[in-house]
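Comments concern the structure below.
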Amino acid sequence: MTESEFQEFLITIGYRYNKKSHSAFNTFEGFHTIIEFSQIENRYSFFLDSNANSTKSLEESLKSFSAENKEFITKAVYKNKQIRITIKMTIDSEFDKEQLKNTAGYLLDLCKSETITPVCRVCSRNRKTGLYIVGRTLTPVCDNCIVRKRRQYEKRRDMFEKKKQNMTAGIFGALFGAALGASLYILSYQFFPCYGISGAVIAPLSFGGFVLTGKRATKLSAVICEIISFFAFLAAEYMAIIANIAVLIEKEGGGIAVSEAIEVTNDSLKDLSYLNTIILDIIIGSAIMIIIGIAYFLKRKYTRPLKISKNVL
């Protein structure tokens, strides 16, 4: 089912699509059912924040619904006062629509059954709630909690606005963090091959160093830290191999000879099979650093507060 088909179908089952959160919602007597779609996992997830009058009875109902529809239900659980039902996509949009329709109908019947009561996702109390986009997530929140969250947001926003980025200090911090991560990698490599895992050490330390000294993270700082981390990783990989060969030479009674270790390393890199192993190592490390960089780029939690929208109802 394409996104346009999904949005058109939502109207037929009484749901409204919200473009900012890329999710849909339906409201019934204080209950807010939310549908989110993950293109990566090819899954639709229904969320309903509620308090069960009988936890055991609700869990049995979810288990029974899951068993009856096991061909498309992947998960149906009640945890932390939230019902979550996850259904898988198929290549048949009509079947996808039927899945969504059945699940939406089941949740609506639950809301009508008086076995559950609606709650606020923040305080988990049975209060009148509105729907707000907190960050990028559509969230049912009561008036008291939204007032408190807005105050927290305004305070953090003011702190964020007062911070002035020191790019020079941030770059030095990123270099120091990357160097520290590279040193840890070279040391650990002597005990066991890491195969690119150093990316998970060098990149976070580089990003953390920038935030600590530069005070304020930006999109540009994410790019700079990625570049620094990549070159630090390449240098660490090369020096780790040299150090490893130097240790082997010393064990064979050749003494500590860095120049000899460098020469042996350079000769080893001419071997195609050995070079392929190193390239694979570099690819793995780079992929890890890219993932960390994207996460940092999208969720700059250190310096950027989450935005809170108006009530979307």
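A short reminder: the numbers here are calculations on the coordinates, not readings from a lab. For clarity, every value in this text was computed on a predicted model and none was experimentally measured. So basically every Cβ, Gly included, is an ideal-geometry build from the backbone, and we count neighbours across all protein chains shown.
Kirkwood Rh over Cα pairs of region 3-153 into Stokes-Einstein at 10 °C, 1.306 mPa s: D in µm²/s? Mind showing how you got there, number by number?
Details: Rh = 15.9 Å.
The Stokes-Einstein estimate is 100 µm²/s.
Sorted by average packing, counted as other Cβ atoms within 10 angstrom per residue and highest first, what order do 82-93, 270-281 take?
Put in order of decreasing packing, that is 82-93, 270-281.
Report, as a whole number in µm² per second, the diffusion coefficient that Stokes-Einstein gives for region 167-298 at 20 °C and 1.002 mPa s using the Kirkwood radius over alpha carbon pairs. Numbers along the way, then the final one.
Values: Rh = 15.3 Å.
So the translational diffusion coefficient is about 140 µm²/s.
Using Cα pairs under 8 angstrom and six or more residues apart, how large is the relative contact order of region 3-153, in percent?
Working: 222 pairs, mean separation 30.5, N = 151.
Over region 3-153, the number comes to 20 percent.
What is the calculated FRET efficiency for Lys162 to Glu250, with r their C-beta to C-beta distance and R₀ = 45 Å, to the nearest 0.05? Could the numbers behind the result be given before it?
Numbers: r = 54 Å, r/R0 = 1.21.
With R0 = 45 Å, the Cβ-Cβ based efficiency is 0.25.
Find the centroid of the Cα atoms in region 208-225 and in region 95-137, then give the distance between the two in whole Å.
Using only Cα atoms, the two centres lie 39 Å from each other.
Compute the relative contact order of the chain as a whole-number percentage, counting only Cα pairs closer than 8 Å that sit 6 or more residues apart in sequence.
Values: 456 pairs, mean separation 48.0, N = 313.
Relative contact order for the chain comes out at 15 percent.
What spacing in nm lies between the two simple spin-label points modelled at Leu280 and Arg136, each 7 Å away from Cα in the Cβ direction?
The modelled label-to-label distance comes out at 3.3 nm.
List Val201, Val312, Val211, Val258 from most exposed to least, where exposure is judged by having the fewest other Cβ atoms within 10 Å.
On the way: Val201 25, Val312 15, Val211 21, Val258 12.
Final ranking by Cβ density, sparse to dense: Val258, Val312, Val211, Val201.
If you project the alpha carbons of the chain onto their three principal axes, what span does each projection cover, largest first, in Å?
So the extents along the principal axes, rounded to whole Å, are 81, 50, 38.
Per residue of region 212-219, in order, report the coupling 6.51 cos²θ - 1.76 cosθ + 1.60 (Karplus, θ = phi - 60°) as ³J(HN,Hα) in whole Hz, putting x for Gly and Pro.
Whole-Hz 3J(HN,Hα) from phi for region 212-219: 5, 9, x, 6, 9, 8, 9, 5.
Determine the dipole magnitude for the chain: charges of +1 sit on the beta-carbon of Lys and Arg, -1 on that of Asp and Glu, nothing else is charged, the reference point is the Cα centre, and the result goes in debye to the nearest 20.
Values: 41 positive and 30 negative charges, 510 e Å.
Charge dipole, the chain, about its Cα centre: 2440 debye, nearest 20.
Taking 7 Å along the Cα-to-C-beta vector as the label spot, tell me the Ser309-Arg148 distance in nanometres, rounded to one decimal.
Spacing of the two 7 Å Cα→Cβ label points: 2.4 nm.
For helix 167-189, report the angle its Cα long axis makes with the longest principal axis of the Cα atoms of the chain; keep it between 0 and 90° and round to the nearest 10°.
70 degrees
Whole-Hz ³J(HN,Hα) for each residue in region 269-274, computed from phi via Karplus 6.51 cos²θ - 1.76 cosθ + 1.60 with θ = phi - 60°, x for glycine and proline: what do you get?
Ordered by residue, 3J(HN,Hα) equals 5, 7, 6, 4, 5, 5 Hz.
So, by mean Cβ neighbours within 10 angstrom, what's the order for 219-229, 29-39 with the highest one leading? List each step's numbers first, then the result.
Numbers: 219-229: 19.9, 29-39: 17.5.
Ranking, from highest mean packing down: 219-229, 29-39.
Which residue, His32, Ser259, Ala182, has the largest displacement toward the positive end of the dipole of the chain when charges sit on each Cβ (Lys, Arg +1; Asp, Glu -1)?
My answer, from the dipole projection, is His32.
With labels modelled as points extended 7 Å from the Cα through the Cβ direction, what inter-label distance (nm, one decimal) is found for Ile291 paired with Ser183?
2.8 nm
I'd like the distance separating the alpha-carbon centroids of region 155-190 and region 265-286, in whole Å.
Result: 29 Å between the Cα centres.
Return a single number: how many Lys pairs in region 3-153, at a sequence separation of 8 or more or on separate chains, have alpha-carbon atoms below 12 angstrom apart. Display every interim value, and only then the final one.
Values: Lys56/Lys79; Lys63/Lys75; Lys70/Lys88; Lys75/Lys88; Lys88/Lys97.
Lysine pairs, 8 or more places apart or on different chains, close enough: 5.
Let me know the charge dipole size of region 3-153 about its Cα centre in debye, to the nearest 20, where only the beta-carbon of Lys, Arg (+1) and Asp, Glu (-1) is charged. The partial results should precede the final answer.
Working: 24 positive and 18 negative charges, 231 e Å.
Here the size comes out at about 1120 debye.
What 222 nm value per residue comes from the helices of the chain, counting each DSSP H run with n ≥ 4 as -39,500 (n - 2.57) and dividing by all residues, nearest 500 deg cm²/dmol? Write out the running numbers ahead of the final one.
Values: 9 runs with 174 residues, N = 313.
Per the formula, -19000 deg cm²/dmol.
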